[in-house]
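Shown next, in structure tokens, is the structure this report addresses.
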Amino acid sequence: MGYGHKDTSGEVASGDHETGSDNSFEDQNENRLQILLDFAKLPESVKRRVNALKNILVEYKSVESEFYHEIFELEKKFRDRFVPLLEKRNGIISGAVDPTDAEATWNYVNDAEALIGDLIKQNFDAQDESLNAVGKIEENTDVKGIPKFWLKVLLHAPVTAEMIVDNDQPILEHLTDVRVTYDNTDRKMSFSLNFYFSPNEYFKERVITKTYFFDNNLPAENPLLYEGPRIVRAQVSPITWNPGKNVTVKFVKKVKKHKNRKEVRTITKELKQDSFFNFFYPPPESLNDEDLDEETEDLLEEDFRIGSFIRDTLIPQAVLFFTGEYEDSDRPHTKRQPGKGNDEAPECNQS
């Protein structure tokens with residue numbers, strides 16, 4: 001669900017200011033100030049009519065809020081239709097079922113093979129024979145399902161890969177599925193990311209759930225600021241770590257000497273450390289909190305960005321991250337044509 005608006009009304013074309021972004025920002029501010037001053041000089045009769053237009057805009061935004069709520073309800077309805085497909089996918093990944101020959105036959109363009117050839121051409125010496133072939137494929141009929149599927153998906157997706165450290169990987173090998181569910185309560189807008197794990201030595205839970213809550217109300221003080229639903233807070237089900245297995249913290253021992261006595265004591269301090277599982281410890285604050293500091297606000301917004309990515313992109317397109325075929329439609333990439341190399345100028349793929 002692609003909520004959010006990119007406001008381009010104040011953007012400046014890339015070639016309009018060669019002096020850099022700072023000057024462009026100053027120019028935009030000066031221009032806006034001039035517009036505001038021009039408006040302030042208008043007759044009161046004109047300002048009165050402008051106020052009427054702003055009130056119409058508030059009504060428009062109220063309808064827009066209802067529009068987004070209906071979209072949310074429609075998405076919940078269609079998510080129910082996705083469930084059987086995702087269950088079928090999970091059955092194949094886990095090895096509970098094996099696809100039929102018809103299901104396992106890919107009748108479309110094999111992007112994976114084409115991409116391998118393209119990337120070798122772009123990045124390596126064509127004379128290096130060791131890179132001109134994928135290599136010998138090992139056939140192991142004893143393999144069940146698709147081993148480490150979700151670990152590899154998370155490692156291959158740049159957004160989540162940068163969150164993962166070495167200590168996380170043995171735990172994420174136990175990740176068996178990631179699903180999204182929606183709140184069925186009327187007028188509530190929230191979604192949950194559900195991470196399913198096989199039994200493991202690290203924590204007791206089989207499912208860890210992270211829920212994101214939307215605010216779709218028009219701001220009370222200034223309804224003109226409404227730009228659609230926005231995620232404002234997150235909540236996570238508790239994780240019961242087994243002793244010594246919590247990868248989000250480390251223990252550091254420090255020796256302290258008493259100032260007056262010769263007494264020495266050892267203090268153990270618990271310190272936070274980098275881990276994918278910090279994703280399950282979001283700030284408790286809400287973006288609606290008035291006294292929210294800038295650092296916490298940045299943490300919340302980054303967390304919401306990651307959650308939206310997992311919901312909208314990673315879960316439905318997991319197989320493309322696994323194979324390496326996923327291409328970000330917002331990122332310029334080289335256009336491929338059958339039978340041709342990639343010496344053409346890059347084209348921006350617009351969706």
Applying a 10 Å radius around every beta-carbon, put 94-100, 196-202 in order of their mean neighbour count, most first.
196-202, 94-100
Per-residue HN-Hα couplings for region 189-205 [Karplus 6.51, -1.76, 1.60; θ = phi - 60°; Hz; x = Gly/Pro]
10, 7, 9, 10, 9, 10, 9, 9, 10, 6, x, 8, 8, 8, 8, 8, 5
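Relative contact order of region 149-208, please, whole-number percent, based on alpha carbon pairs below 8 angstrom and at least 6 residues apart. All intermediate terms of the calculation are to be shown ahead of the outcome.
Numbers: 66 pairs, mean separation 15.8, N = 60.
Dividing the mean separation by the residue count of region 149-208 yields 26 percent.
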Is there a quick way to get the dipole size of region 240-316? I mean about its Cα centre, with the Cβ of Lys and Arg at +1 and of Asp and Glu at -1; what is the value in debye to the nearest 20?
1600 debye
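Which net charge results when you count Lys and Arg as +1 and Asp and Glu as -1 among the other residues whose beta-carbon is under 13 Å from that of Leu86? Each step should come with its number before you reach the end.
Working: positive: Arg79, Arg81, Lys88, Arg89, Arg179, Arg311; negative: Asp80, Glu87, Asp177.
Cβ neighbours under 13 Å give a net charge of +3.
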Over 22 Å (Cα to Cα) among Lys148/Lys245; Lys77/Lys204; Lys77/Lys152 -> Lys77/Lys204; Lys77/Lys152
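Readers should treat all values here as calculations from the given coordinates under stated rules, not as data from a laboratory. The structure displayed is predicted, hence computed values, not measured ones. Backbone-built Cβ (ideal geometry, glycine too); neighbour counts: all protein chains shown.
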